[in-house]
1. Among D92, D86, D68, D102, which is open to solvent by 30 Å² or more (accessible area, probe 1.4 Å), in contact with a helix residue (DSSP H, G or I) (Cβ under 9 Å, 6 or more places away or on another chain) and within 14 Å of I189 (Cβ to Cβ)?
2. Can you report the number of residues in the range 522-571 which are not charged (D, E, K, R) and not in a strand (DSSP E or B)?
3. Look at G351 and say whether it is under 18 Å from the mean Cα position of the chain (by Cα) and outside any strand (DSSP E or B).
4. Name the residues in the range 510-527 that are touching a Phe, Trp or Tyr at 6+ places or on another chain (Cβ under 8 Å) and not small (G, A, S), would you?
5. Name the single residue that is farthest from the chain's Cα centre (by Cα) among those in the range 9-33 being loosely packed, with under 11 Cβ neighbours inside 10 Å and either farther than 25 Å from L286 by Cβ or modelled with pLDDT of 80 or more (or both).
6. Among the residues of the range 504-523 satisfying the criterion of being surrounded by fewer than 17 Cβ atoms within 10 Å (Cβ to Cβ) and among the hydrophobic types (A, V, I, L, M, F, W, C), which is modelled with the highest pLDDT?
7. Please list, ordered by residue number, the strands (runs of 3 or more DSSP E) wholly in the range 374-444 having 3 or more residues that are closer than 16 Å to S456 by Cα.
8. Could you grab the pairs with beta carbons closer than 9 Å, sequence gap of 6+ or different chains, first residue in the range 77-105 and on the phi < 0 side of the Ramachandran plot and in a helix (DSSP H, G or I), second one among the β-branched types (V, I, T) and buried (at least 23 other Cβ atoms within 10 Å of the Cβ)?
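The values are calculated or read from the model by the stated rules, or taken from the named source; none is laboratory data. Computed from a predicted structure; not experimentally measured. No Cβ is skipped: glycine too gets one built from the backbone with ideal geometry, and neighbour counts run over all protein chains shown. Areas reflect the complete protein model, heavy atoms only, side chains present, ligands, DNA and RNA absent. Shrake-Rupley method; radii C 1.70, N 1.55, O 1.52, S 1.80 Å.
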Amino acid sequence: MYRLALIGLFVLFNSPNVSAQVSCGTPPEGLTIDPDPATTAQQVESGEATLKEFMWASLDKYRALHQDVPTITASLYFQCLTRQNDSAWHSDSTYLVFLTPDGRIFQHAKSMGLSGRMLKPEIYTAVLQALEVDPSELVDFQNMFATLAVAASKEGGYFDVGGAAGYTVVQFGEEQEMFPYIWIAGLDIGEEHLVPFADETVDPGNPSVTAKDVVDRATLKEFVNEAGRTILSLPGLIAFSQFRVALRDPNGPWQHDSVYLYILNASSRFILFHGAFPDRFEFRPLVPTVRDAVTGKFILNQVIQAANVSAEGGFVEYYFDDPTDATDRADIPKIGYARKFSLRPHTIIIGSGFYLSESDFASLTRTEVEATIFGDIVEGAAIEFSRSISGQPANYLWNAFVDANSQISLSISSTRSVTGYYRARAIMRNEVVGQWNSIPLNSGSRLTLELILNGSARVMRVDSLSRSNPVAAAKPAISIESGLSPGSPNPFNSSTILTYRLASPGPVRLVIYNVLGQPVRTLVDVVHGAGTYRIAWDARNEGGALLSTGLYIARLSYPGGVQTQRLLYLK
């Protein structure tokens, strides 16, 4: 069976080189003020200041920050600042807690795992009394805003009930359409102050695919989509704050063993929700730190890129040794899926993932695809593949991103056979710009393709793929000493020098193509010994005619590999 294990923000963050005390990243652009409050939490702890003074210094700083930078990024940056322990905002039991008007924790500076939970009625009643608010006035939604608007015009007050003491005020958020929060300073809120988890009555929804059902790419994709549809159906921020309880419930549909969801703000890349490690990551910025063992690229950047593939999101397959799992290895592929959703007025990214057990990994079948894309394609565009099965709609479960040389490298794997015909499509700026049908793939092989955006697909080469080491197999089967160096100059207006290296002797072919995939000039077609070679191209075709200004592609094929490079000719 598949082993369900943490992915996404777990294996990417929970590694020995990642500190639990994550910084808040770069201050928002345009911020000109000192972000710390004039009265600090340390001063309260030492007796030099009161909770009221700390609270109002915090409010003043919050308002000044949003006057400087009135964006959601400023709000999330502020919330992150309040979470930094041993800082001006947080010291021992002095810190800020934000409540939604129904008495649920929206943010807990000390323990984000309590977010979404409800204060016990007697404590929340004491908080409202300190604000001079009648709890009955908050039942009706319209009355709630009017009542809290009056409370926001006052100084707030102290409360003390059963050993729970603090200072509270009301502040309307600068974002989320002026949503009102109840701020508390000084109450060291813990489980003893909350309604027991077992007594919570939050409706978790009824997804058709739950975390327990995630066993492959198709179920992973539907699990994330079910989460997106459910969250988008919630009536507002209060409901979303409540729903976080359901998302964290280990006995509910959204978390099973170690499979969970994470939610990001797409514009700021701050983590809004993390199903496994809220204390470490919620309301903190996404910080890429862990690299793919094969490509060397930051894995989190690939997750964001996958979410931006199209309106349907995308997958990312990467290789990484989970340090928390003694049975995991770097050659066991991890699969993630992420998708953007519009949660007006903002856009969020929801993601999740899984990886294989050793037994499933042993039975894994796979094929590798390396392709050069010809046509007006840009770096970062996505090429997606789907099994082509008669009578069934395409389900694009594999994708890769076009690099600066108009190339992709794609792994297609499954515990079932991957042999068959596939269809593919190119997506650029959320639009399908090319489609291909009837691409034959076979298990245990590496296929080298040329894909032209007009729909033509050419199989250039088929090699055997070793199944013994997928990490090695995922890498190009060539020496790192072989390849095509960048043209110099590039762009060019008269001629450019192309340099290529060979690690072993063999046939070499260097051809210039236009963006339609049509060959315009063959520069080299010989057998070379190992070494370094240079050749000039003067922007002329085979007949000696000067070509028009535009983009051209140099394609070098040599023993063990193929490499391309873009060349821009400017008259």
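1. Result: D92 is the single residue among D92, D86, D68, D102 that is open to solvent by 30 Å² or more (accessible area, probe 1.4 Å), in contact with a helix residue (DSSP H, G or I) (Cβ under 9 Å, 6 or more places away or on another chain) and within 14 Å of I189 (Cβ to Cβ).
2. Count: 13.
3. It is false that G351 is under 18 Å from the mean Cα position of the chain (by Cα) and outside any strand (DSSP E or B).
4. L510, I512, Y513, N514, V515, L516, P519, V520, R521, L523, V524
5. Here the residue is T32.
6. Filtering the range 504-523 for residues that are surrounded by fewer than 17 Cβ atoms within 10 Å (Cβ to Cβ) and among the hydrophobic types (A, V, I, L, M, F, W, C), the one modelled with the highest pLDDT comes out as L523.
7. Per the criteria, 382-387, 420-428, 431-441.
8. none
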